[in-house]
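The values are calculated or read from the model by the stated rules, or taken from the named source; none is laboratory data. Keep in mind that what you see is a predicted model, and the values were worked out from it rather than measured. All Cβ positions, even for glycine, are placed from backbone atoms using ideal geometry, and neighbour counts span all protein chains on display. Surface areas here come from the heavy atoms of the whole protein model, side chains and all, with no ligands, DNA or RNA. Shrake-Rupley method; radii C 1.70, N 1.55, O 1.52, S 1.80 Å.
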Amino acid sequence: MADRKNTVTRTFLNGLITENPTFTLMLGMCPTLGVTTAASNGIGMGLATTFVLVCSNLFISLLRKIIPDKVRIPAYIVIIASFVTMVDLFMKAYLPDLSKSLGSYIPLIVVNCIIFARAESFAAKNGPVQSLADGLGMGLGFTASITLLSIVRELFGSGTIFGAQIMPESYQPMDIMNKVPGGFITLGLMMILVNAIKKIIGKRRAARKEALA
Amino acid sequence: MNTFLVILIGQILINNYVMCQFYGICPFLGVSKKVDTALGMGMAVTFVITLASFITWLVQNFILVPLELEYLQTIAFILVIAVLVQVVENALKKLSPSLYQALGVYLPLITTNCVVLAVAQKNVTEGAIMDGQTLGLLASTFCGFCAAIGFTLALVLLAGIRERMEQSNMPKWMEGFPGALIMAGLMAIAFMGFGGLLQGLHLVG
């Protein structure tokens, strides 16, 4: 039992950090860049995606022995699209402001490649508990990275974080950060940073191993 | 005729789905390493988007609206697209094996290309760039075609730049995705310059 718990935690952490969907797998780039002009958008999008990912992973994993291999892609799409429609309608009813600012990116969660990739490469091969953990880890990893990206973009693009003024009044907001080029360039720079951190950690680990040996 | 001119220039240059609106970024970054493959992907996408805009328009106006099932739009559209991709794949396999081989790998990927779904939805909801006025069947199909050409243009341009980057002496930390992202950012700045064209077009109209 302890062993099983261990693998579940590992699957969760794998999604959250080791195989972070944004910085390592480069999946789900459209919402990553499209909605991250304000921190609240980032969190909203991340949580909506996490919900869909967890539910679709669970259901696909439960149905994995029933769905014939040949029609699996349409079958997955229907499952994913149903949950996306639920989220879309829910947000329209209870969070109309957020729904408006996320716009067409909510229905487009259907074609977010993270969800598809996890369905195909994980949920179709593993049990429901593992798939649930994977969905949660990947979803939260995605949420964390797009929130981070949107905080940076909001800070420089409007001088605020979550709507609260951070920069001094005299700060001239960089409008380009709110536009398409700002998104590409910020993500590129953040990726350089993440790669550098990974390299340092890798070197430290190697050094520690050497010291132990 | 003027409508079509506005759609043509609007979809390819002013509102380019990749460079100005952040749709279809995954294939944009994923298959832009070589010009040949970028062109192949672009052709496959153009084919599917044009057909998909045509069929989703029919589905929306003859099935969903009369039956008051608009809330099923996402499910209906994505199913149409998934089936279409499958049909195109099977048809190409029989009719033109050489083209199938050229596009083979990219065909299934098109299902998860968000440009396809975004174009289909914008056609029936916002009417693309036409000030909230919804488009007719012909204009919708044309709109899809132009959006796909715009996607292909962006993809091929980035692929050309990345091919040159491979051969040049880049700093190590810029190699791969970070470099491609920053290049894409610079391209997007260039595309922002086309924004002024829209006013000019309206003046002509």
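At-a-glance table
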{"item": "Calculated [θ] (222 nm, deg cm²/dmol) that DSSP helices of n ≥ 4 give over chain A, each run adding -39,500 (n - 2.57)", "result": "-22500 deg cm²/dmol"}
{"item": "Share of carbon and sulfur in the accessible heavy-atom surface of the protein assembly as shown [1.4 Å probe, %]", "result": "67 percent"}
{"item": "For residue A:154, solvent-accessible area (1.4 Å; no DNA, RNA or ligand), Å²", "result": "10 Å²"}
{"item": "Within segment A:139-177, backbone nitrogen closer than 16 Å to the virtual label 7 Å beyond the Cα of residue A:197 toward Cβ", "result": "A:140-153"}
{"item": "Residue-averaged [θ]222 nm for chain B, counting only DSSP H segments that reach four residues, each worth -39500 (n - 2.57)", "result": "-21500 deg cm²/dmol"}
{"item": "Selection from B:148, B:168, B:6, by position along the positive dipole direction of chain B (Cβ)", "result": "B:168"}
{"item": "Net length gained if the chain between residue B:169 and residue B:63 were fully extended (0.36 nm per residue, minus Cα distance)", "result": "32.5 nm"}
{"item": "FRET efficiency for residue A:189 and residue A:164, using Cβ-Cβ distance with R0 set to 22 Å, rounded to 0.05", "result": "0.40"}
{"item": "Three-way shape label, segment A:2-212, alpha-carbon gyration tensor, a/c 1.5", "result": "oblate"}
{"item": "Compactness index (Cα Rg / 2.2 N^0.38 Å), segment A:1-99", "result": "1.26"}
{"item": "Of A:79, A:41, A:25, farthest towards positive along the dipole that unit charges on Lys, Arg, Asp, Glu beta carbons give segment A:2-212", "result": "A:25"}
{"item": "For the protein assembly as shown, size of Cβ-based charge dipole, Lys and Arg +1, Asp and Glu -1, in debye", "result": "1520 debye"}
{"item": "Residue-span extension gain [residue A:205 to residue A:86] - 0.36 nm each, minus C-alpha spacing", "result": "38.4 nm"}
{"item": "Simple label model, 7 Å out from Cα along Cβ direction - residue A:125 to residue B:79, nm", "result": "3.0 nm"}
{"item": "Unit charges on C-beta of K, R, D, E only; dipole of segment A:2-212, Debye", "result": "900 debye"}
{"item": "28 Å Cα-Cα threshold exceeded, pairs from B:34/B:122; A:209/B:33; A:203/B:172; A:179/B:122", "result": "B:34/B:122; A:209/B:33"}
{"item": "Whole-Å distance, taken between Cα centres, linking segment A:23-50 and segment A:154-199", "result": "14 Å"}
{"item": "Cα gyration tensor shape for the protein assembly as shown, rounded if a/c is under 1.5, else prolate or oblate", "result": "rounded"}
{"item": "Charge dipole (debye, nearest 20) of segment A:1-122; +1 at Cβ of Lys and Arg, -1 at Cβ of Asp and Glu", "result": "320 debye"}
{"item": "Label-zone membership for segment B:1-44, site residue B:138, 7 angstrom Cα→C-beta point, backbone N under 15 Å", "result": "B:1-8"}
